[in-house]
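The structure appears below as C-alpha cells.
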Amino acid sequence: MESSLFLNLVEDVFYPPSRNLFIMKYTRILLFWLATGLLFFQSPTQSVSQPAKTVSKAVIETCQNAIFKTVPERPFRIGDNIPFKIQIQFRNFPYQKNTQIIISPEVHFQKRILPLATMRFLAVTDAQSIPENTEEETMALLTRRGDYNFEHEVFFPYEPGVESATLEARVTIIEGSISQELPLIRISSRGFSSFSRLLEPTLELMDLDYEKEKLCVKESYKILYPANQYDLSYGLNQATISNLMSSLQSSKEILEIQITSSASPDGESKENENLAFKRMESVHKLVVRELMTRTVNPMKSDEVFGQGFIASRWNEQPWDSLLTFLSPKQFKGYAKLKDILNEESTLSSKKEKLEKMLNEYPILPEIYFPMLRNCNVEILSTPSDQSIIADLQQFVKGKLPKNTSCTRLIQMALAAESTSLSIKLYQKAIASYPEDYRAHFKLGMIHYQEQKYSDAEQAFQQAALLNPKSAESFNNLGASQAMLRKYSSSLMNFERAEGLQSPSLSNKAYAASQMGRFQEALDWYGNEAAINRAVCHLGLEQGLQAVRVLQEHEDATAQSLYLMAISGAHINDIALVCESLKAAIAKDIQYRESAKTEAEFNAYRNNTQFREAMKLPTTYIRSNP
C-alpha cells in the first residue's frame, strides 16, 4: 500500500497524464524496484555488529612484564652523544608465529619527547621460515627455543636539562592485520649523567717555525764579564745590557729566548761551571723582570715560564774555543797554541803548558779570555723595525706596492698593533698569493684565539691542503674541530700531525676521552691533567681510582671538588659526596644549581646530610645580603 502511494506520487510529479502511456508503464516498474531498495536495503556494518579484534592477552602481559635495564646504569655524556645500551628480557614469552613487537624508546624531559632508535622483534618457527622481506638488520627473532634476552644500542644527542630526564618505552604488538599500542613503560628514571662535560679542553696549538719560514728577526746580545764576576753591574759592556733591556721592553711579539752562559778555561773547572751558572741565572732574572713589567703588552708568568719559551744552558769554554777568535796574523803564538792543543798528551800536561802561555802572551787573558767569559742572549721575535712600520702606514693609506711579497705582508701583519689590521693583511696575502699556506695558517690562529672555531677550521684546512707536510696545520685543524665537537675528525688530524713530528699527546687524549675511548686517553694524559684523568676513570666505572687522582691533585678548584663529589657517588661514599659538594659550592655558587639536576646525586636527594650540604654557605649569605 505504502509502495503504491509512493509510485503514484513520483509519477504525478515527473510524468503528467499527457505523456506516452508506454513510457509510463515501464517507468512504473523501474520506480517500484527502486523504492523497494530504498526501503529495505541496509549495509552489513549497520545491520550486523562485529566485536573489535585485539591482540593476544598473553603477549600483552609478557610485554608489560618485560625487564628493561640500561647499560651502564648511569648513561653518561660523551661528546655530542650519550651512547648506551638497553637490555630487554622477555619472560615466558607465549610463542605465536608471525607476532611482531615494536619497541620505541623515548627520552622525556622538559615537556619534550625525543625518540631513539626502534627495536623490532619477530616470532618465527625457525631460521628457514624468516619471510623474505624481513629487515634482518633491524629485526631480532623470537624462536621457540630462543634466549629472549636482547641488547639494543642507542645514541642520544645531549641537551641541557637531560640530567633529570626519564626513559620510556612505547610498545606496539602486531598479530597478522591487527595492531595494538600499549601504555608507556618506564625504563629508567635515573636521568642522564653528564659528568664528562667537566673535561678541560687543554688543547695545545702549534705555531709556524718563524725562523725556518723567514718571518722573524733574531737579535743577539753578548754580555762580557771580568774574571771571577757574574753580577750584571760588573758587565764590561753596559751599553749592550741597556740595548737588551730596550728590546725586552718593546711591544713586539717575542717568540723564544735562548740564554747561553760560559766561563773561560783557565782556573778550576768546578769553579768555572759555577760562575757560568750564576751568569746565566742573573741574566735570566733580568729577562723575566723586563718581560713582566712591560708598559705595553706585559707578559704573564705562565707565558714567560711556559715550556720552551726561555731556554738556558751554561758551560765552561774549552781551550780549543780560543782558535775561533785567533788567527796567525792577530796572535804570534797561534802555531804554538795549536801544537799544544793537538799534541797527544794528558789533559793535565796540556793545561800546565797552556797556563805558562798566559804569562808569556798577556794578550790572551786581557783581550781574548773576556770573550769566553760571557752570557749571550738570542731573542727571536716578529719584525718591528722602521721599514715594517713604514710599509704598514703605506698599506693603511692604500699605497703599498702591488709587488709586495707574501713574506713581507705576513711580517707586516705580525707587527700590526691591531687584530683587525692583521686580518686585512692576511686576507691581502691570501688574495695575492692563494697558494701560500702561511697566510691561511696565521689567519686561522687569529680566528681560533677569537673563538671563531668554524672559521679557524676552514683556514687550517686550507693550510693543510696547500702544505700536506705541515704538522702545525693538522694539529691546529684538529684543535678547531675538537672545539666544534667533531672529535672523530679531530683525533684523525692529531694523528696526522703525529706522523709529521712529535705528537701532542694531551690533544689526542682529549679527543679520545670525548669519544669514550677512556683507556687510550689515560695512556696519553700526563699527571698534570688530574681532572681529565679522573673523568676517564669514571667513564671506565673506576670510581676509587678517580678519587685517588683528585686527592693527589694539589690545586683543589671548585670544579675538581665537584668532580670529587661525583666520584664519591660512584663509590657510594655519602660523607665524601657531601663534604666535597659543600666545599665546591663555597668556592663557586653555580655548582649548587648543577647539583640540583645532577643524575649522580639522585640516590641522595632525600638524605638529610646531602640536603644540608646543598644549602648556601654562611660566608656567601653574608657577602650577598
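What follows is calculated from the coordinates using simple rules that are stated; it is not laboratory data. None of these values were measured; they are calculated from a predicted model. So basically every Cβ, Gly included, is an ideal-geometry build from the backbone, and we count neighbours across all protein chains shown.
For segment 83-89, take each phi angle, set θ = phi - 60°, evaluate the Karplus expression 6.51 cos²θ - 1.76 cosθ + 1.60, and give the result in whole Hz per residue in order, putting x for glycine and proline.
x, 7, 10, 10, 9, 10, 10
In the structure displayed, which of K300/K469; K214/K252; K270/K356; K218/K428; K222/K356 lie more than 23 Å apart, Cα to Cα? If you can, show how the numbers build up before the last one.
Working: K300/K469 33 Å; K214/K252 16 Å; K270/K356 21 Å; K218/K428 26 Å; K222/K356 29 Å.
Table pairs above 23 Å Cα-Cα are K300/K469; K218/K428; K222/K356.
Just to check I understand the Karplus step: with θ = phi - 60° and J = 6.51 cos²θ - 1.76 cosθ + 1.60, what whole-Hz values come out for segment 414-430, glycine and proline as x?
Taking θ as phi minus 60°, the curve returns 5, 8, 5, 8, 10, 5, 4, 5, 4, 4, 4, 5, 5, 5, 5, 5, 5 Hz for segment 414-430.
Of the peptides 265-275, 475-485, 157-167, 189-199, how do they stack up when ordered by the mean number of other Cβ atoms within 10 Å, highest first?
475-485, 189-199, 157-167, 265-275
Taking θ = phi - 60°, what integer Hz values does the Karplus form 6.51 cos²θ - 1.76 cosθ + 1.60 yield along segment 475-484, in sequence order, with x for Gly and Pro?
4, 6, 4, x, 5, 5, 5, 5, 5, 8
Using only the alpha carbons of segment 385-503, what is the convex hull's orientation-averaged projected area in square nanometres?
Computed as one quarter of the Cα hull surface, the answer is 7.5 nm².
Output the peptides 456-464, 235-243, 534-542, 404-412 sorted from most to least packed, where packing is the average of other Cβ atoms within 10 Å over each peptide's residues. List each step's numbers first, then the result.
Values: 456-464: 24.2, 235-243: 14.1, 534-542: 22.6, 404-412: 20.7.
With the highest mean Cβ count within 10 Å placed first, the list reads 456-464, 534-542, 404-412, 235-243.
Over the residues of segment 217-381, compute the C-alpha Rg and express it relative to 2.2 N^0.38 Å. If you can, show how the numbers build up before the last one.
Values: Rg = 18.3 Å, N = 165, 2.2 N^0.38 = 15.3 Å.
The value comes to 1.19.
Quick one: plug the Kirkwood hydrodynamic radius of segment 513-625 (C-alpha pairs) into Stokes-Einstein at 37 °C, 0.692 mPa s, and report D in µm²/s. Intermediate results must be reported in sequence, preceding the final value.
Details: Rh = 14.5 Å.
Roughly 227 µm²/s, to the nearest whole number.
When ranked by the protection proxy of mean other Cβ atoms within 10 Å per residue, highest first, what sequence do the peptides 414-423, 291-300 form? All intermediate terms of the calculation are to be shown ahead of the outcome.
Details: 414-423: 16.1, 291-300: 13.1.
In descending order of packing, they fall as 414-423, 291-300.
If R₀ is 41 angstrom, what is the calculated FRET efficiency for the pair S387 and K336, using the beta carbon separation as r and rounding to 0.05?
Working: r = 48 Å, r/R0 = 1.18.
Once rounded, the FRET efficiency stands at 0.25.
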